[in-house]
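Please treat every number below as a calculation from the coordinates, not as lab data. Because the structure is a prediction, the values reported are computed rather than measured. Here the Cβ positions follow ideal geometry from the backbone for every residue, glycine too, while neighbour counts run over all protein chains shown.
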Amino acid sequence: MEDHRDDFVVILAGYEKEMGKFFSANPGMGSRVAHHIDFPDYNDEELIQIVDRMLVTMQYQMSEGAKEALGEYISLRRQRPSFSNARSIRNALDRCRLRQAK
């Protein structure tokens, strides 16, 4: 019988603090995961650039007033504990599109 354990790749993704709790709750798990990569959060300007790119693919444009409102939204949203970086911004954009469709 052959041992094929080396053929498996497992990716665990999550925020640093929560993943720290996960590894702490599972003794030995941290040593079994060979690589840990932390990605820094996007800054406000990068998040606006992400929205701009998403809008281009959807054939939408944002007015200057909308960009200002988005900047304020990002600053406020970033302070909330549930802020999830670009995912929060994508979800906000989806809500905007749904409101427009109504």
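Before moving on, here are some points about what is shown:
- The per residue volume of the convex hull around the alpha-carbon atoms of the range 1-57 is 132 Å³.
- Against the rule of thumb 2.2 N^0.38 Å, how large the Cα Rg of the range 44-101 comes out: 1.06
- Net lengthening on full extension, GLU72/LEU98 (0.36 nm per residue, minus Cα-Cα): 7.3 nm
- Bins of 5 Å, starting at 0 and running to the largest distance - Cα pair percent for the chain: 2, 9, 17, 17, 12, 11, 9, 9, 6, 4, 2, 1, 0, 0
- Residue order, fewest to most beta carbons within 10 Å, for ASP6, ASP44: ASP6, ASP44
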